[in-house]
Amino acid sequence: MRSLFFTPILIVAGCMTTDPNGYVDLLKGSGSMQTSASGQQSFRYAISANAYKDLLDNESDLKAQHTFLIESWLGDNGYCPRGYTIANKSIQDGIYLYTGNCR
């Protein structure tokens with residue numbers, strides 16, 4: 001009888017070992033900055049295509065969220081203080097990949 005009591009507790013405890021920050025990171029995306037020999041700065045920013053599935057209903061809301069994430073990342077890291085332009089947006093292996101240049 002005692003083992004039946006502990007079995008549900010162990011199952012629930014096993015579920016709680018998931019790192020919730022991993023899910024937040026999935027929603028935030030990640031980026032990298034490069035500087036060419038001439039001093040031109042460019043960046044790549046990746047966001048999982050599944051990150052906002054069923055949360056945002058249309059393409060314009062998704063674009064606005066992605067723009068917010070990119071601008072937040074650039075601003076938080078002090079990148080592109082004079083602004084930026086997105087040079088390319090693509091979807092590769094379930095990931096939205098943005099490439100851009102600092103002004």
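The values are calculated or read from the model by the stated rules, or taken from the named source; none is laboratory data. Here the structure is a predicted model, which is why all the values come from computation and not from measurement. Cβ coordinates were reconstructed from backbone atoms using ideal geometry, including for glycine residues, and neighbour counts include every protein chain displayed. To get the accessible areas, we keep the full protein, side chains included, count just its heavy atoms, and leave off ligands, DNA and RNA. Shrake-Rupley method; radii C 1.70, N 1.55, O 1.52, S 1.80 Å.
Fully extending the segment from residue 30 to residue 60 would add 8.7 nm, taking 0.36 nm per residue of separation and subtracting the current Cα-Cα distance.
With the simple model of a label 7 Å out from the Cα in the direction of the Cβ, residue 103 to residue 72 spans 2.3 nm.
As a rough guide to protection, the peptides 59-70, 80-91 ranked by mean Cβ packing within 10 Å, highest first, stand as 59-70, 80-91. On a per residue basis, region 39-89 carries 64 Å² of accessible surface, using protein heavy atoms and a 1.4 Å probe. Each label was represented as a point 7 Å from its Cα along the Cα-to-Cβ direction; for residue 90 and residue 40 these points are 1.8 nm apart.
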